[in-house]
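Remarks on the structure that follows.
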Amino acid sequence: MPSSLILGIDLGTTNSAAAVFEGGQPRAVEVDGQVLLPSCVGVDAEGRLIVGQAARNQIVLYPERTVKSFKRMMGKDTHVTLGEQKFTPTELSAVVLRRLKQAAEAQFQQPIHEAVITVPAYFSDAQRTATKEAGEIAGFEVRRILNEPTAAALCYLSQDERDRTFLVYDLGGGTFDVSILRSKGKVTEVLASHGDTALGGDDFDRLLYDFLVERLKEQHPNLAFPLPLRAQHRLLRAAESAKIELSTESYAQVIEEHLAEIDGVPIHFRCEVKRRSYEELIEPWLQRTRDSVQKALNEAKLLARQLDEVILVGGASYTPAVRELLRGLLGVEPRMDINPEYAVLYGAAIQAARLAGQQVDRILVDVTPFSFGTSCLGFLHGVPSADCYEIVIHRNTPLPTRQTEVFCTSVDYQAAVDVKVFQGEDPDARRNLFLGEFWVEGLDKKADAGSEILFDMRLDLNGMLDVQVTEKHTGLRKGITIKDAFRKLSPEEREQAQQRIRSLWDDQSETEYSLQDAPAHGESFDLPPAPEGLAKEQQQAWLRLCELLKKAQQKSFSLEQADREELLEIIHRGRGHLERTDLSKIAECADELNDVLFYLD
Ligand code: ADP
Ligand code: MG
């Protein structure tokens with residue numbers, strides 16, 4: 001243990017934590033057996049100060065003597081009354097910092113006098129000064145106030161001094177920040193920072209809480225609302241647990257026995273929450289983060305493709321819908337190989353170690369180098385296919401990991417499913433490495449199409465992949481274990497896969513066009529009618545293409561061989577788009593045909 005430890009501290013709105021860097025690895029401080037100390041302060045019934053989990057536990061019952069989220073008040077000339085006593089936001093932060101200092105000194109068996117403390121990139125001078133003062137009140141010499149996104153980026157910086165551009169997406173308990181950073185040599189600067197100081201995981205808890213209250217009202221119409229405080233508290237906790245569960249599971253069960261009473265009779269509450277339903281609830285909130293990401297990019301004058309890394313930070317960014325949103329918006333796989341709840345903390349510890357003169361290399365974590373998933377029905381390049389690849393465990397996920405997804409049966413009374421497991425990234429399952437296959441037979445014959453099948457994948461550090469499939473409503477279950485899931489596709493396997501794809505394409509829709517298929521003079525061809533439910537614009541594009549196709553066919557008979565072939569090829573393609581209802585191509589093809597006809601006239 002080095003003689004003078006400098007503590008790295010993430011002083012968060014919801015949770016705070018401390019760590020040091022030692023032997024090439026961060027070592028987090030545990031307070032009451034936990035790394036995350038809730039940033040919550042209160043006084044108990046006797047007027048004694050309490051901090052962390054104990055304070056958090058009493059917040060719903062005794063709001064008049066408990067406070068959280070005081071980080072939002074930092075730098076303001078205000079105070080909070082807890083019971084009989086008054087505290088400034090700086091003092092409240094000092095209480096949290098002091099608790100961390102005590103725990104660190106006990107764990108490392110030495111006095112610790114110095115600290116690096118992180119703050120949001122948007123913090124003003126006054127807010128930074130208040131944070132530094134809080135550190136001093138707690139008994140630290142504050143060696144550095146470090147921006148949170150910079151700290152997170154430090155975890156992902158290697159020793160090489162290449163220029164790199166990062167986007168840090170930090171979704172915490174009560175706040176959302178997105179920052180764009182550029183690192184050059186040893187300097188990392190914040191190019192843009194945007195955020196929303198009233199958006200975070202706590203809001204998601206609220207939404208889910210309201211959802212649960214609605215279910216409760218349906219189940220017990222005679223129950224009096226608002227619920228007693230204790231019941232509200234339990235339900236809010238249950239909502240948060242369910243939310244966290246839904247980050248890895250497709251369903252969460254909320255079970256609260258004896259939640260309340262009606263005329264002295266206890267009532268029990270049970271409710272199942274689907275990940276899909278939860279995602280619908282939080283969707284508008286996630287859209288707001290999307291707007292902020294866009295604004296930050298505009299402000300930094302960057303395009304998504306100029307980003308080298310997208311880093312996920314903050315507990316709420318575990319939500320799979322967050323990763324999906326960023327993947328879709330930025331076209332890169334966001335990184336969370338450093339636990340998002342600890343990224344800022346570990347960065348603070350790295351900075352602290354550097355100030356103490358230690359050489360700090362990259363943090364090493366084990367992640368999966370490939371994605372894993374299964375094939376299912378869907379659309380591949382606009383064509384219906386049973387070989388769509390659905391990723392369940394994404395590349396760069398830290399190991400060990402477990403993920404579940406819900407799939408549905410595709411026809412009524414389906415008796416079996418064929419489960420294929422693949423490794424790779426291609427949307428076409430057949431282009432990925434096939435790892436194994438099994439059948440689940442004996443499904444409930446009475447079930448309609450859309451009956452739910454749970455797909456559960458676990459992957460450990462040694463590349464052992466366990467796949468379990470369960471018919472949800474009967475519990476019927478089957479699975480396989482694949483021992484060497486990290487195996488690479490050999491060159492022969494790649495060649496074979498490519499050949500297989502080629503041959504499959506050939507007997508599918510995109511066959512080479514041959515003149516023999518062209519209709520004879522005077523023969524007209526059938527064009528499929530526009531399907532129902534198209535938007536007005538799509539319907540117009542459909543009709544326009546049909547008109548142009550007919551015109552082109554008439555025209556084709558009067559052309560020279562070369563022009564004729566060219567036109568027939570377009571006609572063939574256009575008919576294909578209509579037959580496959582490939583809406584994205586229809587308007588484009590109509591434009592092309594229009595141009596060619598114009599030229600031929
Ligand atoms: P802050 O930076 O505001 O102190 P954190 O980064 O510690 O906050 O994030 C806390 C939030 O993250 C809480 O709302 C918590 O419920 C949420 N959270 C923690 N783990 C998960 C998870 N696995 N899935 C979804 N949300 C989570
Ligand atoms: Mg944070």
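Of note:
- Placing +1 on each Lys and Arg Cβ and -1 on each Asp and Glu Cβ, with no other charges, gives the stretch 130-204 a dipole about its Cα centre of roughly 440 debye.
- Charge sum, other residues only, whose C-beta stays under 10 Å from Gly347's C-beta, Lys/Arg counted +1 and Asp/Glu -1: -2
- Listed residue (Val383, Phe486, Phe434) projecting farthest to the positive dipole end of the chain, Cβ model: Phe486
- Helix 125-137 vs. the chain, principal-axis angle (Cα, 0 to 90°, nearest 10): 50
- Pair Glu141, Ala106: separation of 7 Å Cα→Cβ label points (nm): 2.7
- Against the main long axis of the alpha-carbon atoms of the chain, helix 320-330 sits at an angle near 60°.
- Between the listed residues Ala252, Ala562, Ala416, the Cα displaced farthest toward the positive end of the dipole of the chain, a dipole computed from Cβ unit charges relative to the Cα centre, is found at Ala252.
- Structure note, pairs Lys274/Lys420; Lys555/Lys585; Lys243/Lys488; Lys186/Lys243; Lys551/Lys585: Cα-Cα distances above 29 angstrom occur for Lys243/Lys488; Lys186/Lys243.
- Nitroxide proxy distance, nm - points 7 Å out along Cα→Cβ at Asp308 and Lys445: 6.2
- Computed from the C-beta positions of Glu46 and Gln25 and an R0 of 35 Å, the FRET efficiency is 0.25 to the nearest 0.05.
- Residues of the stretch 438-452 with amide N under 20 Å of the 7 Å Cα→Cβ point at Tyr413: 440-452
- Whole-Å distance, taken between Cα centres, linking the stretch 147-201 and the stretch 473-489: 37
- Here the calculated FRET efficiency for Arg494 and Arg395, from their Cβ-Cβ distance with R0 = 25 Å, stands at 0.85, rounded to the nearest 0.05.
- Descending by average beta-carbon neighbour count within 10 Å, the peptides 470-476, 133-139 line up as 133-139, 470-476, the highest first.
- Positive-end extreme of charge dipole, the chain - chosen from Leu199, Met74, Pro284 (charges on Cβ): Met74
- Using only side-chain charges placed at the Cβ, +1 for Lys and Arg and -1 for Asp and Glu, the dipole size of the chain relative to its Cα centre rounds to 1980 debye.
- For the peptides 376-382, 191-197, the ranking by mean Cβ contacts within 10 Å, running from highest to lowest, is 191-197, 376-382.
- Gyration tensor verdict on the stretch 372-479 (Cα atoms; rounded if a/c is under 1.5, prolate if a/b is larger than b/c, oblate otherwise): oblate
- Per-residue ellipticity at 222 nm from helix content only, as computed over the chain with -39500 (n - 2.57) for each DSSP H run of at least four residues, stands at -11500 deg cm²/dmol.
- Magnitude of the charge dipole for the stretch 372-479, about its Cα centre and with charges confined to Cβ atoms of Lys, Arg (+1) and Asp, Glu (-1), is about 180 debye.
- The stretch 104-152 - percent relative contact order, Cα under 8 Å, separation 6 or more: 47
- Converting phi to 3J(HN,Hα) with the Karplus coefficients 6.51, -1.76 and 1.60 and the offset θ = phi - 60°, the stretch 547-554 yields 4, 5, 5, 5, 4, 5, 5, 4 Hz in sequence order, with x at every glycine or proline.
- Angle between the chain longest axis and helix 201-219 axis [Cα atoms, degrees, rounded to 10]: 80
- Cα centroid of the stretch 269-339 to Cα centroid of the stretch 103-146, whole Å: 30
- Chain lengthening between Asp77 and Leu600 when straightened (0.36 nm per residue, less Cα-Cα): 180.5 nm
- Net charge of Cβ neighbours under 13 Å - reference Val406; Lys, Arg +1; Asp, Glu -1: -4
- Nitroxide proxy distance, nm - points 7 Å out along Cα→Cβ at Gln287 and Lys536: 2.2
The numbers here are math on the coordinates, done by the rules we state, and not lab data. Because the structure is a prediction, the values reported are computed rather than measured. A quick note on method: Cβ atoms are made from the backbone with ideal geometry, for glycine too, and the neighbour counts reach across all protein chains shown.
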